[in-house]
Structure formats: C-alpha cells, structure tokens
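See below for the structure under consideration.
What follows draws every value from the coordinates through simple rules; no lab data is involved. Remember, it's a predicted structure, so these values are computed and weren't measured experimentally. Positions of Cβ are backbone-derived with ideal geometry, glycine not excepted, and every protein chain shown enters the neighbour counts.
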Amino acid sequence: MSKFNSLQTIVSALLIVSVWLAASEQQVSGLSKRAAEVKRVANSLSPGSQIRVIPINGPERSGVFVSSGDESFTFRDADGKIDITLKYSDVRKIKQEYNSSTGKHNKRKGGIIAAVLVFGLLGGLVIAAANTKD
C-alpha cells in the first residue's frame, strides 16, 4: 500500500502543477486585440526610434520613442518637443519611420509621388497608343 500512496501523491502533485500552469497561461491581459498589437509594436521599438503615432481621436504625430510600460508608452513629440504618454487603447497604430533593412526613413510622400508618376506614364502610353490606331 505504501507504493500506491506514493504513486497517488506524485500523480496528484503533477495534476496540481499542470492545472496551475494552464491557469497562469490563460490570464487575460485586459487589452483589446488592437491595443495588444500596439503594445507588441511598442515593445519591439528601441528608445530613440523615429515613430509616427496614429491615435483613435486626434491628429497624427511624429516623434522619438522613449519607453513602453504595461498600459502605455511615451514618445517625444517632434513639433512640441514634449514627452507625450498615450495608453495603448487610445492608439490606432504606431509606425516606425526608419526602416533598418534599407537604412532609410519611410516617407509616404515619396511613395505617393512615385505612384502618380507611374500611373501618369501608363495613362500617357495608353493615350498615345489609342491615337496611333486612328
């Protein structure tokens, strides 16, 4: 009977540990899916990174990433030269302005200009081809 009691104790201990581990993995962070994604991006940034913050309400801001916490992050606003702390739940998106793989800043304006030029060139070619058929 002593082997049975020790086996029963070991199995009970293993069950208690497995239930405890499963419960600790299922704890809810309290953040929405969007806020959790914003937090993930903020946690991946290093201090000094150039970012653009798109809040749910209010104007888009650019600046330098300072730090991130459990519920919010802080960045230095490029225009006002002040530190701004925003909750993850108040932000739609954080975009990194510097692409480390290309070594360049991400500029929307350049992409828009390039797209307009390409479409203008294609439109000109279509019009020229249509005029030569006549």
In nm, to one decimal, how far is the LEU121 label point from the ARG40 one, both placed 7 Å along Cα→Cβ?
3.7
Estimated distance in nm for a label pair at LEU7 and ALA130, the labels positioned 7 Å out from Cα along Cα-to-Cβ:
8.6
Using the Karplus equation 6.51 cos²θ - 1.76 cosθ + 1.60 (θ = phi - 60°), what ³J(HN,Hα) coupling, rounded to whole Hz, does each residue of segment 62-72 give in order, writing x for Gly and Pro?
10, x, 10, 5, 10, 6, 9, x, 6, 10, 8
Out of residues 5 or more away from VAL91 or on other chains, whose amide H comes under 5 Å of its own, with H placed 1.01 Å from N in the peptide plane?
ILE56
3J(HN,Hα) from dihedral phi, segment 45-50, Karplus parametrisation 6.51/-1.76/1.60, rounded to Hz, x for glycine, proline:
7, 9, x, x, 5, 7
What residues qualify as long-range amide H neighbours of ALA78, i.e. H under 5 Å apart, gap of 5 or more or another chain, H built at 1.01 Å from N?
SER62, GLY63, VAL64
Given backbone amide H placed at 1.01 Å from N, residues whose amide H is under 5 Å from that of SER49, ignoring those fewer than 5 places away on the same chain, are PHE65
